[in-house]
Amino acid sequence: MREGIHPAYGPVVFRDRAANHAFLTRSTMTSEKTIEWEDGHTYPVVDVEISNVSHPFYTGTARVLDTAGRVERFEKRYGKREAG
């Protein structure tokens, strides 16, 4: 391998905020945020929206999204369509 062209590869904590779950692994991702892990060391932490703990494929349940709020915002922005 050539020197100086590969990103740094080291321990990173990925945290799933929706499921309140975190796991330590190795990655090239970096973050300015840090977290103190169970082993007493401090690692960079990357927040993710979905992991294997909260993904509907693995859990067998679907998360409820705020679709009503999205529709209301759309209608407020562009107006309601007239029946007709």
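The values are calculated or read from the model by the stated rules, or taken from the named source; none is laboratory data. Bear in mind the structure is a predicted one, so any value in this text is a computation, not a measurement. Positions of Cβ are generated from backbone atoms using ideal geometry, with glycine treated the same way; all protein chains shown enter the neighbour counts. What goes into the accessible areas is simple: the full protein's heavy atoms, side chains included, and nothing from ligands, DNA or RNA. Shrake-Rupley method; radii C 1.70, N 1.55, O 1.52, S 1.80 Å.
Checked against (1) out of contact with any Gly (no Cβ under 9 Å at 6 or more places or on another chain); (2) open to solvent by 70 Å² or more (accessible area, probe 1.4 Å); (3) part of a strand (DSSP E or B), ARG26 meets all criteria but (1).
Only residues that are at pLDDT 70 or above, open to solvent by less than 100 Å² (accessible area, probe 1.4 Å) and part of a helix (DSSP H, G or I) were counted across the stretch 53-84, and they come to 3. Scanning the stretch 29-52 for residues that are in a loop (DSSP other than H, G, I, E, B), open to solvent by 40 Å² or more (accessible area, probe 1.4 Å) and more than 27 Å from ILE5 (Cβ to Cβ) yields TRP37, GLU38, ASP39, GLY40, HIS41, GLU49, ILE50, ASN52. Selection of the stretch 7-23 for residues being open to solvent by 40 Å² or more (accessible area, probe 1.4 Å) and of a type in the set (Phe, Trp, Tyr) yields TYR9, PHE23. Residue pairs whose Cβ atoms lie under 8 Å apart, separated by 6 or more positions or on different chains, with the first residue in the stretch 25-38 and under 9 Å from VAL12 (Cβ atoms) and the second open to solvent by 90 Å² or more (accessible area, probe 1.4 Å) and among the hydroxyl-bearing types (Ser, Thr, Tyr), are ARG26/TYR9; SER27/TYR9; THR28/TYR9.
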